[in-house]
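**Q** One structure, as structure tokens, below. Some questions next.
The values are calculated or read from the model by the stated rules, or taken from the named source; none is laboratory data. Just so it is clear, the model here is predicted, and its values are computed rather than measured. All Cβ positions, glycine included, derive from the backbone under ideal geometry; neighbour counts span all protein chains shown. Ligands, DNA and RNA are stripped out before the accessible areas are found, and what is left, the full protein with its side chains, is counted by its heavy atoms. Shrake-Rupley method; radii C 1.70, N 1.55, O 1.52, S 1.80 Å.
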Amino acid sequence: MLSEEEPTHSFKILLVGDSSVGKSSLLVRFTTGGFEELVPTIGVDFKAKVVELNGEKIKLSIWDTAGQERFRTLTSSYYRGAQGIILVYDVTRRETFESLEEVWLREVDMYATVEDAVKMVVANKTDLEEERQVSRKDGINFARKHGALLVETSAKGNIAVDQAFEELVLKILETP
Ligand code: GDP
């Protein structure tokens, strides 16, 4: 039985993006199924989760910035060996969307060591539809321009969070 076997793959996945876009909340939601209004800013370094997809058992270590992003830069070691990178913005704060291009993609391009690391753009807080400042279309165009997928999520409402991580993993599996 597959569930008794050792994982066949082990992937390192990173969450990047401005402060307060919901990185820790997405990580907590995906790994524990819960949501807390006050996720500690410092503290969650990484969480591991084993998923079964396409008949394969995959161990994920998902890294969170632990608040370092407030200094607008992460260390190169954070990026080392990552097969998947999740770029998160908050749909209610346009500046967090602009930061992806201006700050985070640059860092990814500078420091990611895995050639063909898979990028995923996550537009979070879609439960706050009335406060939206970034349209779905803008998100899709941005993701497409950078060869990434876009998934719109709500960590709070548990919308498409599993889907975001799973689509990323499937794309990593497809990458030769
Ligand atoms: P991080 O700094 O990027 O890790 O962001 P956090 O996960 O700490 O979230 C920042 C704040 O946004 C917290 O108060 C969260 O409760 C809140 N938050 C996170 N995700 C969502 C969401 O999907 N919807 C709403 N309404 N709030 C969220």
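**Q** Quick one: count up the residues across the stretch 148-160 that are open to solvent by less than 50 Å² (accessible area, probe 1.4 Å) and assigned to a strand (DSSP E or B).
**A** Result for the stretch 148-160: 4.
**Q** Another question, then. How many of the residues in the stretch 124-147 are under 12 Å from Tyr89 (Cβ atoms) and either near the ligand (Cβ under 10 Å from one of its atoms) or assigned to a loop (DSSP other than H, G, I, E, B) (or both)?
**A** 6
**Q** Another question, then. Among the residues of the stretch 163-175, is there at least one that is open to solvent by 50 Å² or more (accessible area, probe 1.4 Å) and in contact with a helix residue (DSSP H, G or I) (Cβ under 7 Å, 6 or more places away or on another chain)?
**A** Here is the first cut: in the stretch 163-175, the ones open to solvent by 50 Å² or more (accessible area, probe 1.4 Å) are 163, 166-167, 170-171, 174.
Add one more test, that the residue is in contact with a helix residue (DSSP H, G or I) (Cβ under 7 Å, 6 or more places away or on another chain), and what stays is none.
For the stretch 163-175, residues open to solvent by 50 Å² or more (accessible area, probe 1.4 Å) and in contact with a helix residue (DSSP H, G or I) (Cβ under 7 Å, 6 or more places away or on another chain): absent.
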